[in-house]
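Data first, discussion second: the structure below is written as structure tokens.
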Amino acid sequence: MAPITLAQKLFDLTGEVALVSGASSGLGRRFAQVLAAHGAKVVVAARRADRLEGLAGESERFFPLAVDVTDAPRLAAALDAAEAAAGPLTLLVNNAGIGGGGRIVDTPDEAWEQVQKTNVDSVWRLSRLFAQRLIARHSPGAIINIASLVAGRVGLSSASYAVSKAAVLQMTRAQAFEWARHGIRVNAISPGYVHSEMTSEFLASKAGQDMVGRSPQRRAGNASDLDGVLLLLASRRASGFMTGADIAVDGGHALA
Ligand SMILES: NC(=O)c1ccc[n+]([C@@H]2O[C@H](COP(=O)([O-])OP(=O)(O)OC[C@H]3O[C@@H](n4cnc5c(N)ncnc54)[C@H](OP(=O)(O)O)[C@@H]3O)[C@@H](O)[C@H]2O)c1
């Protein structure tokens with residue numbers, strides 16, 4: 001029988017080098033802090049460089065990378081810079097994302113395209129660049145894609161966002177299937193409504209309060225509610241046989 005690994009060792013990420021996109025606020029900032037607290041070096045990527053510098057001031061395990069994930073031609077050079085600073089990447093958290101409100105008939109092409117470019121295309125490109133590097137150096141690794149509760153549901157004013165997150169889930173499965181033979185695990189987290197810059201206005205509104213009131217746990221989540229799932233999927237000791245999974249962290253909202 002395999003020996004039992006105690007939790008502290010099971011989730012020890014010493015030696016891992018992660019890139020978290022959208023680390024300047026909300027879930028991504030918390031993901032970066034949790035990974036670093038468990039020993040990983042973390043490249044914190046986003047557009048707001050001042051926020052990233054603030055994070056870098058907290059720990060020498062953070063490496064700021066100012067990048068727009070929709071700037072396709074720059075992404076390869078950005079990963080080169082990340083690896084030059086922190087070392088060869090082993091973990092990628094595709095977290096950068098934007099909301100997309102409005103009814104379909106009121107959504108101009110530009111708004112649709114911006115949501116898909118940020119939420120879908122960047123995940124495709126960053127994952128591909130990451131996997132190419134790991135495959136070339138025969139290194140195992142893991143990708144965690146941040147999907148959403150609405151990947152499997154539709155609402156009256158979030159169609160472009162819901163479509164983008166459904167694509168993220170299907171991309172997770174396709175990537176997991178293709179890269180399992182290379183030792184690269186790919187899983188998704190589907191959060192429900194979590195307090196962040198993206199959701200603050202909605203959660204403070206009457207519609208938001210009503211929605212939370214109808215959800216099974218009658219509360220919105222906090223970024224810290226995702227700590228355990230993030231660590232599970234990041235740790236090859238803890239989830240080495242998991243790939244292609246989607247884990248809901250939504251207080252039971254998807255059941256309602
Ligand atoms: N909060 C929720 O209830 C919830 C639920 C389900 C899923 N999610 C998903 O969780 C992820 C994080 O969202 P959040 O709630 O934490 O929102 P947030 O606080 O608004 O954070 C979004 C992050 O994405 C970054 N970002 C956006 N566009 C970018 C671009 N073009 N290039 C680089 N970075 C970009 C932002 O950084 P800069 O502006 O500095 O670039 C920011 O760090 C998103 O994928 C979101 O869809 C959130």
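Out of the residues in the range 74-119 that are among the polar types (S, T, N, Q) and within 20 Å of the chain's Cα centre (by Cα), which is nearest to GLY26 (Cα to Cα)?
Of the residues in the range 74-119, the ones among the polar types (S, T, N, Q) are 90, 94-95, 107, 114, 116, 118-119.
Next, only the ones that are within 20 Å of the chain's Cα centre (by Cα) stay: 90, 94-95, 114, 116, 118-119.
Values: THR90: 23, ASN94: 13, ASN95: 10, GLN114: 20, GLN116: 20, THR118: 16, ASN119: 16 Å.
Looking at residues that are among the polar types (S, T, N, Q) and within 20 Å of the chain's Cα centre (by Cα), I get ASN95.
Restricted to strands (runs of 3 or more DSSP E) entirely inside the range 26-130, those with at least 1 residues that are in contact with a Phe, Trp or Tyr (Cβ under 8 Å, 6 or more places away or on another chain), at pLDDT 95 or above and more than 14 Å from the ligand (Cβ to nearest atom) are 41-46. Within the range 40-55, the set of residues being crowded, with 16+ Cβ neighbours inside 10 Å and either among the aliphatic types (A, V, I, L, M) or closer than 22 Å to ASP12 by Cα (or both) comprises ALA40, LYS41, VAL42, VAL43, VAL44, ALA45, ALA46, LEU52, LEU55. Return the residues of the range 10-29 that are of a type outside the set (A, V, I, L, M, F, W, C) and touching a Lys or Arg at 6+ places or on another chain (Cβ under 7 Å); say none if nothing qualifies. Scanning the range 10-29 gives SER24, SER25. For the range 27-50, taking the residues that are over 18 Å from the mean Cα position of the chain (by Cα) and touching a residue at least 12 places away in the same chain (Cβ under 8 Å), the one that is farthest from VAL17 (Cα to Cα) is identified as ALA49.
Screening ALA204 on (1) touching a helix residue (DSSP H, G or I) at 6+ places or on another chain (Cβ under 6 Å); (2) within 20 Å of GLY26 (Cα to Cα); (3) more than 12 Å from the ligand (Cβ to nearest atom) shows it passes everything except condition (1).
Would you call ALA18 surrounded by 13 or more Cβ atoms within 10 Å (Cβ to Cβ) and among the aliphatic types (A, V, I, L, M)? Lay out the reasoning, then the answer.
Numbers: surrounded by 13 or more Cβ atoms within 10 Å (Cβ to Cβ): yes; among the aliphatic types (A, V, I, L, M): yes.
Answer is yes for this residue.
On the given criteria, is ALA131 in contact with a strand residue (DSSP E or B) (Cβ under 9 Å, 6 or more places away or on another chain), surrounded by fewer than 21 Cβ atoms within 10 Å (Cβ to Cβ), free of Cβ contacts under 8 Å to residues at least 60 places away in the same chain and under 22 Å from ARG74 (Cβ atoms)? It is true that ALA131 is in contact with a strand residue (DSSP E or B) (Cβ under 9 Å, 6 or more places away or on another chain), surrounded by fewer than 21 Cβ atoms within 10 Å (Cβ to Cβ), free of Cβ contacts under 8 Å to residues at least 60 places away in the same chain and under 22 Å from ARG74 (Cβ atoms).
Condition first: β-branched (Val, Ile, Thr), more than 10 Å from the ligand (Cβ to nearest atom) and more than 14 Å from ILE104 (Cβ to Cβ). Now tell me which residues in the range 147-175 satisfy that. Passing the criteria: only THR172. Specify the residue that is surrounded by the most Cβ atoms within 10 Å (Cβ to Cβ); the eligible residues are those in the range 190-249 that are aromatic (Phe, Trp, Tyr) and assigned to a loop (DSSP other than H, G, I, E, B). Selected residue: TYR193.
Going by the structure shown, is ALA167 in a helix (DSSP H, G or I), more than 25 Å from ASP250 (Cα to Cα) and not hydroxyl-bearing (Ser, Thr, Tyr)? Reasoning before the result, please.
On the way: in a helix (DSSP H, G or I): yes; more than 25 Å from ASP250 (Cα to Cα): no; not hydroxyl-bearing (Ser, Thr, Tyr): yes.
Taking the combined requirement at face value, the residue does not satisfy it.
The values are calculated or read from the model by the stated rules, or taken from the named source; none is laboratory data. As the structure is a computational prediction, the values presented were derived from the model and not from experiment. FYI the Cβ positions are ideal-geometry reconstructions off the backbone, even for glycines, and counts take in every protein chain you see.
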